[in-house]
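K.L.:
Provided herewith is a single structure, encoded as C-alpha cells, for subsequent inquiry.
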Amino acid sequence: MTMAAAPLADLQTTFLAQVLDADAPLPHGWGSSHAAGMAVYRNNYRSALIDALRAIYERTERWVGADAFGRAAAHHVISHPPTSWTLDDAGIGFDATCAELFTGDPEVGELAWLEGAMMDVFTAADSTAMDAAGFSAATAAFGEEDWAGLQLAFQPGSSSCVVRHDLRAIWQHVADEDASGVAVTPLDHPATCIVWREGERSTFTMASTLEGRAFTTMQAGASYGVLCEMLSDELGVEQAIMQAGQFLGHWLAEGMIVGLRS
Amino acid sequence: MNAIAPFNGFGLGLRRTHYADFLDRDVPVDFVEVISENFMVDGGRPLRILDEVREKLPVILHGVSMSIGSAHGLDTEYLDRLKRLERRVDPLFVSDHLCWTRTSAHNSHDLLPLPLTEEALEVVCANICNAQDHLGRAMLIENPSSYLTFPQDEMREWEFLAEMARRTGCYLLLDVNNIYVSAQNHGFDAREYLAGVPLDRVRQIHLAGHTPAEDGREIIIDTHDREVCDAVWELYAHAMRLLSQPVATMIERDDKIPPLPELLAELDGARRIAAEAKQGVAA
C-alpha cells in the first residue's frame, strides 16, 4: 500500500505494521529520510518493551543472565506485540515464552511466573487482612448450614501456580547480584506457589498441591462445604474436615483472607 | 470547558529513584509531574506515595498513552481509569501528546507521528473534545518530537497546534526540547515555530536533554537521558521573552536519572534564565 493517499486509519495500521516488523519493506514512495526515521521508531518500540520486561523480571534476568534474557525478551516482543495501554501488561505470557525457550531449564518459566505474579499483586486493590480474632467474631453465631455455605474473600490480585522447583530457594538466591552457579533440583513432588500481598509488600508461600487446589477452589467462590466435599474424596470425611480447618487457619495466619463473602 | 489559570513555578518529574527524597523532606520545587499511567492502578504503594506527595505539592498528570491522534478513537477503559486518578489527585493539569500510540489491534508504547492533514486535525480535535468531556476539564497537549514527516502534510506543526487549540479549547504544553529536536530533524526554524503557536494557550513548558546526531545517524533523538543543551536553553529563554503570562517550567528526565541535587541545580538554571528573560523584556 502507498501511504500517500491513505485515510488516517489505514495509514496508522500500515505504519504500526512497519514499526512492529523490522523486516517489512517500506511503503512505496518512501525515501532514505523516511527509512532513517522509521529505524528510530522501530528501535524505540523494541527497546521500550524490552526495558519494561527487564524492569518486571529483574530476578529472572539475573537467573538466566543478561544475554539469554535479552534474546528471550526480544522473542517475546516479536511474538506478543502488546495490545494494552499499560506497559505493565508487556509481560503477559512471558512465563510461557520462557518455558518454551528454556526447555532445558524448566525452573525459568516458573520463576518468571512468580515474578510476574508478584508485580501484578503489587498494585492490586488495597484491603486489610482478617485476623483469627476477626474471623472468630464474624463466625461466632454460625450454625452448621452457615459453615457449609461460608465463602471467603482473599486478598485482591492473589494467584497461584503448580510448580516443580523450590521457588523459595531460587527467589532468595536471585536476591543477590550474582545468581550464577547454582544447581537446581526438582522438588520430589509438585507444589503450589501462592502469591498475595501483605500490606504494601508482595509475598508468596509454597504449599502442597492439595492446599493449592483448596485455595483456587475457594478463591473461585466455592463454599466451605464444597471444599470439605472435595477434600473428602481424597482423605475421607473426618480427615477432610480437619484438613479444611488447617488450611483455613493457615490462610488466616498468613493474612491471605480479607473477609467473608456475603 | 473551564479555563485553566496560569501557574507560575518550577518543578520536576517525580521518579521512583527520588520517592524517598520527596517523602522525607521538603524539596524546593513548586510542583511535580507524574506519568499518569504509572498510577492508573487499583492500589498499592505507588498510589500511597502519590497521595503523600500530593499533600505537600501540586501534581500534574502527564499521560503517554491516551493516543489522541488515533483514528480508532479513544479507549474508554483508559479514560475511566484516568478520570478516577484525576478525581483522587485533583491535579494542577492533565496533559498528553499530539501523537498516536495504537491501532485497534496493537499498542506501540511510543509517541508516533501524525500526518499534518485536515483529516488528522479533525480526528485529534474529536478525541480531545471526547477526553475533555469525559474528564470534565480542559487538557494540555504537548508538541511531540518526531523523526519523519509525511508527504501528504498540508500544514506546519505550529499551524496544526494553533487550530487544534482554537477548535477544542485545549491548552498547550510546550516542549522546547521537542521543538529543537524536530527543527533539527526536519529543517525548520524553531523560532518560527514559537512565533506560530498561540502562546496565550501555553500553561507549561518541558525542558529535557536529547541524543545528538552521530556518525551514521543524522537524526537527533529525544531521549530525556542527559542535561538540557545550550541550544535548548537559548530557545527556552526566547520562549520566556515571548510569553506574556506565567507558566510552569519542568525538567524532564526519564533515563540515567541523576541524584536529586543535580536536577535541582539544573532547575535553578531554568529559574535564572526565566528571570533574566523577564527582566530583559521589562527593560
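K.L.:
Under 18 Å from a point placed 7 Å out from the Cα of A:Arg164 along the Cα-to-Cβ direction: which residues of segment A:97-129 have their backbone N that close?
P.N.:
Label zone hits: A:97-114.
K.L.:
Label points 7 Å out from Cα along the Cβ direction at B:Glu159 and A:Glu229: separation in nm?
P.N.:
7.3 nm
K.L.:
Give the separation of the Cα centroids, segment B:165-194 to segment A:149-227, in Å.
P.N.:
So the separation of the two Cα centres works out to 52 Å.
K.L.:
Using a cut-off of under 16 Å, list every residue of segment A:103-126 whose amide N is near the label point 7 Å from the Cα of A:Arg71 along the Cα-to-beta-carbon line.
P.N.:
Output list for this probe position: A:103-106, A:108-109.
K.L.:
For B:Cys129, B:Cys99, what's the largest-to-smallest order of accessible area, 1.4 Å probe?
P.N.:
B:Cys129, B:Cys99
K.L.:
Mind checking segment B:21-98 for trypsin sites (Lys or Arg not before Pro) that DSSP puts in a loop (not H, G, I, E or B) and that have at most 15 other Cβ atoms within 10 Å?
P.N.:
Those that pass, being in a loop and sparsely packed, are B:Arg25.
K.L.:
When chain B is modelled as a GNM with alpha-carbon springs shorter than 10 Å, which of B:Ala270, B:Ala131, B:Ala213 fluctuates the most?
P.N.:
Maximum among the listed residues: B:Ala213.
K.L.:
Continuing with the same structure: If you add up the charges near A:Leu167, with Lys and Arg at +1 and Asp and Glu at -1, over every other residue whose beta carbon is less than 9 angstrom from its beta carbon, what do you get?
P.N.:
Taking every Cβ under 9 Å from that of A:Leu167, the sum is -2.
K.L.:
Continuing with this model, one more query. Amide H neighbours of B:Phe10 under 5 Å, counting only residues 5+ apart in sequence or on other chains, H built in-plane at 1.01 Å?
P.N.:
B:Asp30, B:Phe31, B:Thr249
K.L.:
Would you mind telling me which residue in A:Ala183, A:Ala191, A:Ala55 has the biggest mean-square fluctuation in a Gaussian network model of chain A, where springs connect alpha carbons within a distance under 10 angstrom?
P.N.:
Highest fluctuation of the listed residues: A:Ala183.
K.L.:
Before rounding to the nearest 500, sum -39500 (n - 2.57) across all DSSP H runs of length at least 4 in chain A and divide by the residue total; then give [θ] at 222 nm in deg cm²/dmol.
P.N.:
The helix contribution divided over chain A gives -17000 deg cm²/dmol.
K.L.:
Next question, about the same structure. Name the residues whose placed amide hydrogens come within less than 5 Å of the amide hydrogen of A:Leu152, ignoring near sequence neighbours (fewer than 5 apart) on the same chain.
P.N.:
Residues meeting the amide H criterion: A:Arg261.
K.L.:
Taking R0 as 30 Å, what's the FRET efficiency between B:Ala213 and A:Asp176 from their Cβ-Cβ distance, rounded to 0.05?
P.N.:
0.15
K.L.:
Let me ask something else about it. Take every Cα pair under 8 Å in segment B:65-193 that's 6+ residues apart, average their separations, divide by the length, and report that relative contact order as a whole percent.
P.N.:
That works out to 26 percent.
K.L.:
Positive end of the charge dipole of the protein assembly as shown (Lys, Arg +1 and Asp, Glu -1 on Cβ, about the Cα centre): tell me which of A:Gly31, B:Thr101, B:Gly13 has its Cα farthest that way.
P.N.:
B:Gly13
K.L.:
Follow-up. Hey, got a sec? Which trypsin sites (Lys or Arg not before Pro) in segment B:200-283 land in a DSSP loop and have at most 14 other Cβ atoms within 10 Å?
P.N.:
Sites meeting the loop and neighbour criteria: B:Lys256.
K.L.:
Next up: Using a basic spin-label model with each label point 7 Å from the Cα along Cα→Cβ, how many nm lie between B:Ala20 and B:Cys229?
P.N.:
It is 3.5 nm.
K.L.:
Where in chain B are the helices, taken as whole DSSP H runs, whose Cα atoms extend 30 angstrom or more along the long axis and whose Kyte-Doolittle mean reaches at least -0.5?
P.N.:
Span-like helices here: B:260-282.
K.L.:
Next question. If you average the sequence gap of Cα pairs under 8 Å that are 6 or more apart and divide by the length of chain A, what percent do you get for the contact order?
P.N.:
Relative contact order, chain A: 18 percent.
K.L.:
If Lys and Arg each add +1 and Asp and Glu each add -1, what is the summed charge of the other residues whose beta carbon sits under 9 Å from the beta carbon of B:Cys125?
P.N.:
-1
K.L.:
Pick out which of A:Gly31, A:Gly93, A:Gly221 has the largest mean-square fluctuation in a Gaussian network model of chain A, springs linking Cα atoms closer than 10 Å.
P.N.:
A:Gly31
K.L.:
Given axes a ≥ b ≥ c from the Cα gyration tensor, I'd like to know whether chain A is rounded (a/c under 1.5), prolate (a/b larger than b/c) or oblate.
P.N.:
Verdict is prolate for chain A.
K.L.:
Given a Förster distance of 35 Å, report the FRET efficiency between B:Asp254 and B:Asp133 from their Cβ-Cβ distance, rounded to the nearest 0.05.
P.N.:
0.70
K.L.:
Moving on to the next point. At a threshold of 8 angstrom on Cα-Cα distance, excluding pairs fewer than six apart, so keeping six or more, what relative contact order does chain B reach in percent?
P.N.:
Normalised by residue count, the contact order of chain B is 18 percent.
K.L.:
Give, as ranges by residue number, the residues of segment A:218-262 whose backbone N falls under 19 Å from the point 7 Å along Cα→Cβ of A:Ala133.
P.N.:
A:249-260
K.L.:
Okay, moving on. Rounded, prolate or oblate: which fits segment A:124-262, taking a ≥ b ≥ c as square roots of the Cα gyration tensor eigenvalues, rounded meaning a/c under 1.5, else prolate when a/b beats b/c?
P.N.:
oblate
K.L.:
Can you list the residues, at least 5 places off or on another chain, whose amide H is less than 5 Å from the amide H of B:Ser95, using H built in the peptide plane?
P.N.:
Here B:Leu61, B:His62, B:Gly63, B:Leu140 satisfy the definition.
K.L.:
Distance in nm between label sites at B:Gln152 and A:Ser47, each 7 Å beyond Cα in the beta-carbon direction?
P.N.:
Going by the 7 Å Cα→Cβ label model, 3.0 nm.
K.L.:
Specify the inter-centroid distance of segment B:71-86 and segment A:107-146, based on alpha-carbon positions, in whole Å.
P.N.:
30 Å
K.L.:
With runs of 4+ DSSP H residues as the only contributors, calculate the mean residue ellipticity of chain B at 222 nm using -39,500 (n - 2.57) per run, divided by the residue total and rounded to the nearest 500.
P.N.:
Mean residue ellipticity at 222 nm (helix-derived): -13000 deg cm²/dmol.
K.L.:
By DSSP, what percent of the beta bridges with both residues in the protein assembly as shown are antiparallel, rounded to the nearest 5?
P.N.:
Antiparallel: roughly 45 percent of the beta bridges in the protein assembly as shown.
K.L.:
Quick check for me: using +1 on Lys/Arg Cβ and -1 on Asp/Glu Cβ, what's the dipole size of segment A:102-261 about its Cα centre, in debye to the nearest 20?
P.N.:
Charge dipole, segment A:102-261, about its Cα centre: 240 debye, nearest 20.
K.L.:
Still on this model: Which trypsin sites (Lys or Arg not before Pro) in segment A:170-262 sit in a loop by DSSP (not H, G, I, E or B) and have at most 14 other Cβ atoms within 10 Å of their own Cβ?
P.N.:
Within segment A:170-262, the qualifying trypsin sites (Lys or Arg not before Pro) (loop, at most 14 other Cβ atoms within 10 Å) are A:Arg261.
K.L.:
Now a separate question. Can you bin segment B:26-129 into rounded, prolate or oblate? Criterion: square roots of the alpha carbon gyration tensor eigenvalues sorted a ≥ b ≥ c, rounded for a/c under 1.5, prolate for a/b above b/c, oblate for the rest.
P.N.:
Verdict is prolate for segment B:26-129.
K.L.:
Something else about it: Output the Kirkwood hydrodynamic radius of the protein assembly as shown, Cα pairs only, in Å rounded to one decimal.
P.N.:
One decimal place: 26.0 Å for the Kirkwood radius.
The values are calculated or read from the model by the stated rules, or taken from the named source; none is laboratory data. Predicted model only: the values in this text are computed from it and were never measured. Quick reminder, even Gly has a Cβ in these numbers, built from the backbone with ideal geometry, and neighbours come from all protein chains shown. For accessibility, only protein heavy atoms count, side chains too; no ligands or nucleic acids. Shrake-Rupley method; radii C 1.70, N 1.55, O 1.52, S 1.80 Å.
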